[in-house]
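J.: Here it is, the structure, as structure tokens.
Laboratory data are not the source of any read-out in this text; all were calculated from the coordinates shown. Remember, it's a predicted structure, so these values are computed and weren't measured experimentally. Cβ placement follows ideal geometry from the backbone for every residue including glycine, while neighbour counts extend to all protein chains displayed.
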Amino acid sequence: MPADPAMKILVVDDMSTMRRIVKNILKQLGFTNVEEAENGQEGLTKLNGGGFGFVVSDWNMPVMTGIEMLRAIRANEAIKAIPVLMITAEAQQENLIEAVKAGVSNYIVKPFTAETLQEKINKIFP
Amino acid sequence: MAEANGHLYAELGELARYLDTTLRKLDEAGAPIATMSGQLPQAASHLEGLTKLTEEGTHEVMRLTEELQDSHAVVVGLLHKAAAALGKGENSPCIACLLRESQQLVAQDDKQLIGSRQRLAGTLTQVADTLTKGQSGSCVACALSQSIHSLSQDDKRLIEIMTALSFQDLVAQRVKKLTTIIHDVERKLLELVVVFGLKHEGATPEIKTDATDMLKQLNASNSTAMKQNLVDDILGKFGFN
């Protein structure tokens, strides 16, 4: 099912610049209902509040990393179905495999382009 | 037995001399180690400051880019409105008015993004003039379409600028790793200082190295650097306009 432009999206990254970049690209792609979180813990709290249809997350973050948050999402019945896209500088093969095993919906390596993000969103929401 | 004792004393003497030399060398190394362990926290702090500087600069570029994107969205909306009005055969002055409004917005953007914006503003002015003179037709619609296409191309460039700014995140991550390494080295050096009782007395002359000078320069740039308005104030007092 194609992505609903009104879908609520959560962008999780400890760097304010990256959150702003992802938010900006999502806006250009037509998604304006975007919220932010600075780490996995804050992300989980927001997700448990309900209403989110998609998560874009970094890997390396203080308090709770992206991969820990991903595992927590997949272990929670109420939010386990939310697609999670990881955008990370962790470009090692073992990182990708770890993320796939944890249930990631897709994976982008930094630096990335808007086209890559659009392509991945199209793959997650065909 | 006496021969064995003599051999043992010789060995012990050798060991004592070795220990004495080692202790003297450690003592010599004490001052540089103590100095280095004192400089490392400052170096780490400057690296953290670097992250903050690049973060602030990146946000400023983002702010300007977002302003241009918002302005583009308004211009494209106006152009679409003009094109639709043209299609319905509405009066030319009304359309010309919409186009002039678009041209003004694009001209404002020129202050920030020169080049294609100037060509676009020129095209829009020509179209508006043509309409005012009452000459309408397919050439006007074509020019409008070109203008919208030009804006769309610029929007792609603006998104590229935004995504290129992700360099800041990568730089910050590496700086963070370097800072962690520096803190680790600092901790190990301090352990050495404590374990071997290396002292760096206040009276001990500071060991001058390139690192010492550079740290001084970095500290000065943080604590004594003047803002341009202060420079201008001082220059003004000396008669500079």
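J.: Karplus couplings for segment A:93-106 from phi (6.51 cos²θ - 1.76 cosθ + 1.60, θ = phi - 60°), rounded to Hz, Gly and Pro as x?
T.: Per residue, the Karplus-derived 3J(HN,Hα) values read 4, 5, 5, 4, 5, 4, 5, 4, 5, 7, x, 5, 8, 6 Hz.
J.: All other residues with a Cβ under 12 Å from the Cβ of A:K46 taken together, and with Lys, Arg as +1 and Asp, Glu as -1, what is their net charge?
T.: Taking every Cβ under 12 Å from that of A:K46, the sum is -3.
J.: Between A:S16 and A:I124, what length in nm is gained on full extension when 0.36 nm per residue of separation is reduced by their alpha carbon distance?
T.: 36.4 nm
J.: Calculate the FRET efficiency for B:E11 and B:L190 from the Cβ-Cβ distance with a Förster distance of 35 Å, rounded to the nearest 0.05.
T.: So, using R0 = 35 Å, E works out to roughly 0.50.
J.: As a footprinting exposure proxy, order A:I25, B:I33 by other Cβ within 10 Å, with the fewest listed first.
T.: Fewest-to-most ranking of A:I25, B:I33: B:I33, A:I25.
J.: Still on this structure: Give a residue-ordered list of calculated ³J(HN,Hα) values for segment B:9-14 (Karplus: 6.51 cos²θ - 1.76 cosθ + 1.60, θ = phi - 60°; whole Hz; x for Gly, Pro).
T.: 4, 4, 4, 5, x, 4
J.: Between B:V61 and B:D233, what length in nm is gained on full extension when 0.36 nm per residue of separation is reduced by their alpha carbon distance?
T.: Full-extension gain reported as 59.1 nm.
J.: Separate question: Segment A:35-73 to segment B:14-74: how many Å between their Cα centroids?
T.: So the two Cα centres are separated by 30 Å.
J.: Return the distance in nm (one decimal) between the two label points of a simple spin-label model at B:M214 and B:T22, each offset 7 Å from Cα along Cα→Cβ.
T.: Going from the B:M214 label point to the B:T22 one covers 3.3 nm.
J.: May I pose another question? Can you flag which of B:K25/B:K216; A:K27/A:K120; A:K23/A:K80; A:K120/B:K176; A:K46/B:K156; A:K8/A:K123 are past 21 Å Cα-Cα?
T.: B:K25/B:K216; A:K23/A:K80; A:K120/B:K176; A:K46/B:K156
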